[in-house]
Amino acid sequence: MELALETGVSTRHLSFIETGRSRPGRDIVLALAGVLDVPLRERNVMLLAAGYAPAYRERRLSDPELAAVKQALDFMLAQQAPYPALVVDRLWNLVMVNAPAAMMMRWLLDMPDDAPLPREGVNVLKLMLDPNGVRKYLQNWEDVCADMLHWIQREAMSDGIESEAANLLGELTALPGISETSRLANLDARALPFLPVQIRKDGVALNLFTSIATMGTPQDVTVHELRIESFFPVDEATAR
């Protein structure tokens, strides 16, 4: 009844849709998806299942029509300096980084300071959880691992088996030591109100936490799925 009131559809018609006795119109599909806060990608799936064309386009960030979005992202990343920030897609493939994030990644990956940072094919989750990657410098990698896997598990559950998200989840859980730590994070109700990322390399200790932001009110699948991850220092030593 609450869903019927929110969408303006009668409870009788909504019940008929639910049981398959009635085929929903395109506007009703979009109304139901909006009230239920269904991601744009899945709204397209709902429309296709109901026999309608997708309503939301999926474009590359380099598309001229997304130039204003790219400019806004560049601005937000620049404002985060001197602290690192990066942009990833829903599967945590690297899309953009600011200069401090690029410096931190080069440092963690033992790359020269002037080396170009690869973009295509770089998955942040793989980079962080691979025992030969950043993981060896993460002091609390078990907790970070459980937190990161939560994001991709949600995508895999939404997309189903044999999807790109499910395959990525399989790759991550197959990494050494991941299956044992992916069940539960070591979270304590008395601990900090955020999950710290504790890095130690070459005698330098960094205590950071991150925030995840998304673009509001998008009408494009690509924009809707972008994640802006910003790093902040936990203590004065890390800030310096």
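Counting only residues that are closer than 14 Å to residue 228 by Cβ and among the charged types (D, E, K, R), which one in the stretch 80-110 is surrounded by the fewest Cβ atoms within 10 Å (Cβ to Cβ)?
89
Give me the pairs: first residue in the stretch 1-15 and free of Cβ contacts under 8 Å to residues at least 40 places away in the same chain, second residue open to solvent by 70 Å² or more (accessible area, probe 1.4 Å) and outside any loop (DSSP other than H, G, I, E, B), beta-carbon distance under 6 Å, and six or more apart or on different chains, which are they?
Close Cβ pairs (under 6 Å, with a partner that is open to solvent by 70 Å² or more (accessible area, probe 1.4 Å) and outside any loop (DSSP other than H, G, I, E, B)) amount to 1/11; 4/11.
Among the residues of the stretch 132-141, is any farther than 22 Å from residue 230 by Cα and outside any helix (DSSP H, G or I)? Show your work before the answer.
Step one: filter the stretch 132-141 for residues farther than 22 Å from residue 230 by Cα, giving 132.
Retained after the next criterion (residues that are outside any helix (DSSP H, G or I)): 132.
Yes: one or more hits.
Kindly indicate whether any position in the stretch 64-76 is closer than 30 Å to residue 1 by Cα and modelled with pLDDT under 95.
There is no residue in the stretch 64-76 that is closer than 30 Å to residue 1 by Cα and modelled with pLDDT under 95.
If the Cβ limit is 7 Å and pairs must be 6+ apart or interchain, which residue in the stretch 198-214 that is part of a strand (DSSP E or B) pairs with which residue that is among the aromatic types (Phe, Trp, Tyr) and open to solvent by less than 40 Å² (accessible area, probe 1.4 Å)?
Once the first residue is part of a strand (DSSP E or B) and sits in the stretch 198-214, its partners that are among the aromatic types (Phe, Trp, Tyr) and open to solvent by less than 40 Å² (accessible area, probe 1.4 Å) give 199/137; 200/137; 201/137; 208/231; 210/231.
Could you check the stretch 50-70 and list, in sequence order, the residues that are of a type in the set (Gly, Ala, Ser), more than 23 Å from residue 18 (Cβ to Cβ) and open to solvent by less than 40 Å² (accessible area, probe 1.4 Å)?
none
In the stretch 54-92, which residues are of a type outside the set (D, E, K, R), in contact with a helix residue (DSSP H, G or I) (Cβ under 7 Å, 6 or more places away or on another chain) and assigned to a loop (DSSP other than H, G, I, E, B)?
54, 55, 56, 61, 81, 82, 83, 84, 91, 92
Which one is farthest from the chain's Cα centre (by Cα) among residues in the stretch 139-162 that are among the polar types (S, T, N, Q) and closer than 16 Å to residue 196 by Cα?
139
Within the stretch 121-138, can one find any residue that is under 20 Å from the mean Cα position of the chain (by Cα) and loosely packed, with under 14 Cβ neighbours inside 10 Å?
yes
Quick one: what pairs do we get from the stretch 220-240, first residue part of a strand (DSSP E or B), second open to solvent by less than 30 Å² (accessible area, probe 1.4 Å), C-beta under 6 Å, 6+ apart or different chains?
227/88; 228/87; 229/86; 230/80; 230/85; 231/84; 231/208
Please verify whether residue 5 is closer than 30 Å to residue 90 by Cα and either touching a helix residue (DSSP H, G or I) at 6+ places or on another chain (Cβ under 8 Å) or modelled with pLDDT of 90 or more (or both), treating the condition exactly as stated.
No.
For the stretch 19-49, what are the residues that are part of a loop (DSSP other than H, G, I, E, B) and surrounded by 15 or more Cβ atoms within 10 Å (Cβ to Cβ)?
24, 38, 39
Look at the stretch 160-201 and say how many of its residues are under 16 Å from residue 144 (Cβ atoms), of a type in the set (Lys, Arg) and modelled with pLDDT under 85.
1
The values are calculated or read from the model by the stated rules, or taken from the named source; none is laboratory data. As the structure is a prediction and not an experimental result, all values here were calculated from the model. Neighbour counts run over all protein chains shown; Cβ positions are idealised from the backbone, glycine included. To get the accessible areas, we keep the full protein, side chains included, count just its heavy atoms, and leave off ligands, DNA and RNA. Shrake-Rupley method; radii C 1.70, N 1.55, O 1.52, S 1.80 Å.
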